Amino acid sequence: MDDCLFCRIAAGQIPAEKVLENDLFVAFRDIHPKAPQHILVIPREHLGSLNDVDVWCGCQGQKLLEFMVAVAQEAGVDESGYRVLINNGPDAGQEVHHMHFHILGGEDLGDFR
Ligand code: AMP
Ligand code: ZN
């Protein structure tokens, strides 16, 4: 989508500090990091939110999980630990309407609310 920030990052039209990418997914550093390692994972395909994931076949979900583990390894937090978070919809404060997962780590993240 031309007017979607994360579609444009995936397409390389807007610069981002990419960590890892493949044919399906792109990982890049959050512009306002909330932890020493704060990486966003997006599908190249535009899905507005997690609620739209029914267009995927089962194997894409498996590939996404494997990609997120690879991102955690790349960031060096796979052994120390990390949190995977998705803000979905208004009550969760979703700001960018292209489905994305936050990977946070690099320090003790404390309790989760
Ligand atoms: P969310 O509230 O889950 O929609 O979070 C959107 C995230 O995208 C926020 O953590 C922002 O800091 C991040 N963000 C917004 N614009 C950019 C950008 N151009 N490059 C990297 N991260 C961004
Ligand atoms: Zn998009």
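The values are calculated or read from the model by the stated rules, or taken from the named source; none is laboratory data. Keep in mind that this is a model prediction, so the values were computed, not measured. Cβ atoms come from the backbone with ideal geometry, glycine included; neighbour counts cover every protein chain shown. The accessibility values were calculated without ligands, DNA or RNA, using every heavy atom of the protein model including side chains. Shrake-Rupley method; radii C 1.70, N 1.55, O 1.52, S 1.80 Å.
Measure off, as a whole percent, the carbon and sulfur share of the 1.4 Å-probe accessible area of the chain, all protein chains present. Please list the in-between numbers first.
Details: 3370 of 6820 Å².
Ligands and nucleic acids excluded, carbon and sulfur give 49 percent.
Relative to the longest principal axis of the Cα atoms of the chain, the long axis of helix 58-75 makes an angle of roughly 40 degrees.
Computed over Cα pairs, the Kirkwood radius of the chain leads via Stokes-Einstein (1.002 mPa s, 20 °C) to a diffusion coefficient of 148 µm² per second. Taking Cβ separations below 4.7 Å as the criterion for a possible disulfide partner, the isolated cysteines in the chain are Cys57, Cys59.
Between beta-carbons, use under 14 Å as the cut-off and find the net charge around Leu20, counting Lys and Arg +1, Asp and Glu -1.
Numbers: positive: Lys18, Arg29, Arg44, Lys63; negative: Glu17, Glu21, Asp23, Glu66, Glu74, Asp78.
Result for the neighbourhood of Leu20: -2.
Sequence-distant contacts, meaning Cα pairs under 8 Å at least 6 residues apart, place the relative contact order of the chain at 31 percent.
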